[in-house]
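Taking it in order: structure first as structure tokens, then the write-up.
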Amino acid sequence: TTSGLPRSAEAARYWLQWAGADSTVYYQNEGENDYKDDYMSRGDWVEWISRESRVNPSKKGGLGIPVDLTLGFHTDAGVTPDDSIIGTLAIYTYKSEGKTSLPAGEDRQTSRMFADLVQTQIVNDIREGYDSLWTRRWIWDRGYRESRTPSSPSMLLELLSHQNFADMKLGLDPSFRFSVSRSIYKGMLKYLSYRYGTDYVVHPLPVASVGVSFGASGKAVLTWKPVNDPLEPTAVPTGYIIYRRDGNGAFDNGTRVKECRYEFTPTPGQISSFKVAAYNDGGEGFPSETVSIGIPSDGKISDKVLIVNNFDRISSPAYFDGAERAGFDNRLDSGVPDRRDITHIGEMYNFRRSDQWITNDMQGFGASYSDLAGNIVAGNSFDYLYEHGKAVLAAGHPFYSCSNEKFISDPLFRTDAWTIDMVCGKQVTTPAGD
């Protein structure tokens, strides 16, 4: 029977079957062991999509898709009795089937370079931004399937331990997830730069201090500020893409500009919303929060309402940390996902530190329910100004809006307001690391 869960939440073995991969990739144990089929299929899938049939006619299929590198992303690294950080481990395979070279002839030591660069980037960034004592573990040479069978440079990453409370204080934090994912991307990028002898540029961070207001001669003005990345000097914007949404439709494909300013003519009776993404030669960064502006159908531009988004929080659930009892307490504060969360499977119910894992049915300290597996948990959409703007417009007032950084840093921006609507939401201060 099917699981009833989204395909993205199922094991690789079943996802590959659904996606149309050749059965030799995912059905290797004659249906006797799904667990083995799952981890064995991952590296074999990479080898299958990259293999060309003419190179090895004895093997069925092969799509001939060039693959630069392969990453197996894991978080299964054990527990510590003193609740210290487990940290980050990297794994590669130097010898596969007696050979120390990849099928194309490249020395398999290149995978060690790949693993080293990614691990170094992760650990340095976490120590700089979250935990100065984050543990750098080893770089292992092991014959694991995911790093042994792909025909491209490959590594396994044990980012942290989802079984260890100290690691998961950060592991459930959306800002940490963003930062560490960016670290992995930077490590990959620097490895490819080394491998192919090219320069690299890291794409920019999201812009901040976004605001849209009324200008002269019936125009409106959208402004923002770039955000420098203290961990990466190349991540400097060279331009910006402005995405516009009229009413409750979809955002358009964007307009490119070079300056941190954009003028347009608002349409009476219609709300226009904007988000901004910075770009450079490395690509496009993530978009900003959304700001909106609107004029009543009668064209009235007096008694303007300024709507400020003061709800910019994303965080992990609240936790307590005692000598005998500890854990995440969703009843006190379930945290705020960034846009949405697809990883939450249920609330934690075992808070006793002394309880050991015995079986999957007796999981001990840290055990959680699984009743929410496959569900999407709503988070901070960063798009509440439109909803408030609809109410203001219905009351006959024009409105403009901004982020809380813009409200604080630009006193002139708020002098035109007849009154202010402050969107606060589930906004409290939460710690992130040390």
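Brief remarks follow.
- Across all directions, the average flat footprint of the convex hull enclosing the Cα atoms of region 141-280 is 13.3 nm².
- Average Cα contact separation per residue, region 235-346, under 8 Å, 6 or more apart, as relative contact order %: 19
- Subtracting the Cα-Cα distance of residue 375 and residue 104 from their residue separation scaled by 0.36 nm leaves 93.3 nm.
- Each Cα pair under 8 Å and six or more residues apart adds its separation to the average, and for the chain the resulting relative contact order is 13 percent.
- Over 22 Å apart at the Cα level, from the set 169/190; 258/406; 36/190; 225/275; 219/304, are 169/190; 36/190.
- All C-alpha pair distances within region 1-112, sorted into 5 Å bins from zero, spread as 2, 9, 15, 18, 19, 15, 11, 6, 3, 1, 0, 0 percent across the bins.
- When +1 charges are put on Lys and Arg Cβ atoms and -1 charges on Asp and Glu Cβ atoms, the dipole computed for the chain relative to its Cα centre reaches about 860 debye.
- For the set 429, 343, 110, the ranking by accessible area, highest first and with no ligand, DNA or RNA atoms included, is 429, 343, 110 under a 1.4 Å probe.
- The apolar share of the surface of the chain, taken as the fraction of accessible area on carbon and sulfur atoms (1.4 Å probe, ligands and nucleic acids excluded), comes to 52 percent.
- Here the extension length gained between residue 424 and residue 33 equals 135.7 nm, from 0.36 nm per residue of separation less the Cα-Cα distance.
- R0 of 22 Å, Cβ-Cβ distance residue 387-residue 300: FRET efficiency to nearest 0.05: 0.60
- Mean accessible surface per residue for region 9-113, computed with a 1.4 Å probe while every protein chain stays in place, in Å²: 57
- Positive-pole candidate from 138, 166, 149, dipole of region 112-170, charges at beta carbon: 149
- When +1 charges are put on Lys and Arg Cβ atoms and -1 charges on Asp and Glu Cβ atoms, the dipole computed for region 143-275 relative to its Cα centre reaches about 140 debye.
- Spin-label pair residue 136-residue 95: with each label point 7 Å from Cα along the Cα-Cβ axis, the two points sit 2.8 nm from one another.
- A simple spin-label model places the labels of residue 312 and residue 5 3.6 nm from each other, with each point 7 Å out along Cα-to-Cβ.
- Principal semi-axes in Å for region 191-270 [√(5λ), Cα gyration tensor, largest first]: 34, 15, 10
- Cα lying deepest toward the dipole's positive end in region 153-283, options 215, 228, 203, charges on Cβ: 215
- Taken over region 44-188, the percentage of Cα pairs per 5 Å bin, counting from 0 up to the bin with the maximum distance, is 2, 10, 18, 20, 17, 12, 9, 7, 3, 2, 0, 0.
- Region 280-434 pair-distance distribution - Cα-Cα, 5 Å bins, rounded %: 2, 8, 13, 14, 13, 12, 10, 9, 7, 6, 4, 2, 1, 0
- Cα-derived Rg over Rh, computed across the chain with Rh taken as Kirkwood radius: 1.02
- Phi angles across region 362-367 convert, under the Karplus curve 6.51 cos²θ - 1.76 cosθ + 1.60 with θ = phi - 60°, into 3J(HN,Hα) values of 10, 8, x, 4, x, 5 Hz, Gly and Pro given as x.
- Per residue of the chain, the DSSP helices (runs of n ≥ 4 H) give a summed -39500 (n - 2.57) that works out to -7000 deg cm²/dmol at 222 nm.
- Summing charges over all other residues whose Cβ lies under 9 Å from the Cβ of residue 224, with Lys and Arg as +1 and Asp and Glu as -1, gives +3.
- Rounded Å value of the spacing that divides the Cα centres of region 334-354 and region 225-278: 33
- Point-charge dipole on Cβ atoms (K/R +1, D/E -1) for region 1-111, about Cα centre, debye to 20: 480
- Most tightly packed first, judged by the mean number of other beta-carbon atoms within 10 Å of their residues, the peptides 211-220, 312-321 read 312-321, 211-220.
- Highest-MSF residue in the chain out of 249, 62, 366 [GNM, Cα springs under 10 Å]: 249
- Our coupling estimate for region 300-306, obtained by passing each phi through the Karplus curve with A = 6.51, B = -1.76, C = 1.60 and θ = phi - 60°, is 4, 10, 9, 6, 6, 9, 9 Hz, Gly and Pro reported as x.
- Cut-off under 5 Å, modelled amide H: who pairs with residue 421 long-range: 306, 307, 308
- Residue-span extension gain [residue 362 to residue 258] - 0.36 nm each, minus C-alpha spacing: 31.7 nm
- Sequence-separation-based contact order of region 289-434, relative, with Cα cut under 8 Å and 6+ spacing, percent: 41
- Ellipsoid equivalent to region 152-208 - semi-axes via the Cα gyration tensor, in Å: 26, 18, 5
The values are calculated or read from the model by the stated rules, or taken from the named source; none is laboratory data. Note that this is a predicted model, so its numbers are computed, not measured. When we count neighbours, we look across all protein chains shown, and the Cβ atoms used for this are built from the backbone with ideal geometry, even at glycine. Only protein heavy atoms, including side chains, enter the accessible area calculation; ligands, DNA and RNA are left aside. Shrake-Rupley method; radii C 1.70, N 1.55, O 1.52, S 1.80 Å.
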